[in-house]
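Student: The following block contains the structure, expressed as structure tokens.
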Amino acid sequence: MTGRRARPLLTRVAIIAGTVGTLVAGLCTAGQADAAPPLTVSQVASGLDHPWDLAVAPDGVILTGERTGQFVAVMTDGRRQDVRADLSKLFAVKEAGLMGLALDPQFSDTRRVYSCQAETTAGAAVSIPGSVANLPLPWPNTGQVVNIVSWRVSADWTTMVRERTVLTGIPVNASGRHAGCGLTAAADGSLWIGTGDNAIPTNPQDPNSLGGKVLHIRPDGKPAAGNPDPASPVFTLGHRNVQGVAVQPGTGRVYAIEQGTDADDELNLLRAGGNYGYKPDRAPFIYDESVPMTDPTRVPGAVGPVWSSGYPTIATPALAFLPDDGWGSLDGAVVISAQKGKHLLFVTLDEAGNRVVRSSKAIQDTYGRLRGLAIDADGSLLVSTDNGGDDRILRVRLAD
């Protein structure tokens, strides 16, 4: 998230009402959310450091990855097990590092895990320190890239062996800012990848850049069927920083959760070739975050969000769909984690999947910043915290 001073409220109200409000009828913002039904929360694991994503294997093991460079398996007895893997090339700077995780749908047979990770391309890459990286400047690439990597994990979860780089060329610059990188595997084995724009003003609208996009590829790394350009992995463009992508069970609809500037985190329903309207190149050579997240004036035909946070943002890194039963009034809802907002947000969509019926918040200010989400085999929700030092994995259920 940006460290800029927020724009005046009246200006922001005008942007929200005059831009996003005209795009999506019945738009629901986080500020309108009610309290969720009573939930119970228990601890699954602790002692983690910025666990970025969560994946649940068929044998019940929970796999996560610490952003600074460690795969961790949480065994069914609750024991933490560090998984040996060669992460010597990892570029762990600011938001970049070991990021999204996904299991092959045929994991029981293949033992294959996919990761989205920033890596150096030639020795040590120079990085931009601290808050300097938040300056609205187009920082250079000093020898780093975001790769989608396939791994083979041993049956006892002690070792992961790198198989190959599935896709390369996803940009990340020396700042490590806006690295993405949402990752999910569809039932057909294809991979959906959300990428960040690296705070480079031209990336979101540049069809030749893989930054500020949602990508769709086959397991071999080639573009998936249905992409607007059969020769390109790009499925949608005009994004700022997509850290979560999910496929809605039963419908096959694909949604992305996107982090906003200081207004308008967005939940977007993806459609092939859609432009979601982020265009931060209004000022020459400056990454101009005063532009709207969805700008139909400067991006004609821009697709508006299904849900938006309004002002201020809550910092939304992940989404998941709850099961269709076992959650009462929340059955089938989208659950969204919030880092800055420090809560879970549940959003129920209409049958068409493009309007918000209701929303509710839970566990506000209880566990700090929340990031990774996954649905366990029993239908419970797994959530990772993102506070640093002693992060946890939590299990959330509807109270009896």
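The values are calculated or read from the model by the stated rules, or taken from the named source; none is laboratory data. Model, not experiment: these values are computed from the prediction. Heads up, the Cβs are rebuilt from the backbone with ideal geometry, glycines too, and the neighbour counts pull from every protein chain shown. These accessible areas exclude ligands, DNA and RNA; they are computed on the full protein's heavy atoms, side chains included. Shrake-Rupley method; radii C 1.70, N 1.55, O 1.52, S 1.80 Å.
Student: Would you give the gap between the C-alpha center of the stretch 147-222 and the C-alpha center of the stretch 282-337, rounded to a whole Å?
Tutor: If you average the Cα positions of each part, the centres end up 20 Å apart.
Student: Quick check: Cα centre of the stretch 43-89 to Cα centre of the stretch 234-249, how many Å?
Tutor: Centre-to-centre (Cα) distance: 24 Å.
Student: How much length would be gained if the chain were fully extended between Asp331 and Arg397, taking 0.36 nm per residue of separation minus their Cα-Cα distance, in nm to one decimal?
Tutor: On the way: separation 66, 0.36 × 66 = 23.76 nm, distance 1.18 nm.
Going from the current span to full extension adds 22.6 nm.
Student: Per residue, what accessible area does the stretch 326-400 have, given a 1.4 Å probe and all protein chains present, in Å²?
Tutor: On the way: 2850 Å² over 75 residues.
On a per-residue basis, 38 Å².
Student: A further question on this structure: Determine the share of the chain's accessible area contributed by carbon and sulfur atoms, expressed in whole percent, with a 1.4 angstrom probe.
Tutor: On the way: 7840 of 14990 Å².
Here carbon and sulfur together make up 52 percent of the probe-accessible area.
Student: Continuing with the same structure: What accessible area per residue comes out for the stretch 81-239, rounded to a whole number of Å², with a 1.4 Å probe? Mind showing how you got there, number by number?
Tutor: On the way: 5780 Å² over 159 residues.
Accessible area per residue: 36 Å².
Student: Residue farthest toward the positive end of the dipole of the chain, with Cβ of Lys/Arg at +1 and Asp/Glu at -1: which of Asn147, Leu54, Leu330?
Tutor: Asn147
Student: Turning to a different aspect of this structure: For the chain, what does the helix formula give at 222 nm: sum of -39500 (n - 2.57) over DSSP H segments with n ≥ 4, over the residue count, nearest 500 deg cm²/dmol?
Tutor: Values: 2 runs with 11 residues, N = 400.
Roughly -500 deg cm²/dmol at 222 nm, from the helical runs in the chain.
Student: Amide H neighbours of Val72 under 5 Å, at least 5 residues apart or on other chains, H built in the peptide plane: list them.
Tutor: Result for Val72 returns Thr64, Gly65, Glu66, Val83.
Student: While we're on this one: Identify which of the listed values of P(r) over Cα pairs in 10 Å bins from 0, in percent was calculated from the structure shown: (1) 5, 25, 36, 26, 8, 0; (2) 4, 22, 32, 25, 13, 3, 0; (3) 4, 16, 21, 25, 20, 10, 4, 1, 0.
Tutor: Computing P(r) over Cα pairs in 10 Å bins from 0, in percent and matching it to (1) 5, 25, 36, 26, 8, 0; (2) 4, 22, 32, 25, 13, 3, 0; (3) 4, 16, 21, 25, 20, 10, 4, 1, 0 gives (1).
Student: Right, another one. Relative to the Cα centre, what is the charge dipole magnitude of the stretch 329-400, using +1 at the beta carbon of each Lys and Arg, -1 at the beta carbon of each Asp and Glu, and rounding to the nearest 20 debye?
Tutor: On the way: 10 positive and 10 negative charges, 64 e Å.
Computed about the Cα centre, the dipole is about 300 debye.
Student: About the Cα centre, and with charges only on the beta carbon of Lys, Arg (+1) and Asp, Glu (-1), how big is the dipole of the chain? Nearest 20 debye, please. Could the numbers behind the result be given before it?
Tutor: Numbers: 35 positive and 40 negative charges, 173 e Å.
So the dipole magnitude of the chain works out to roughly 840 debye.
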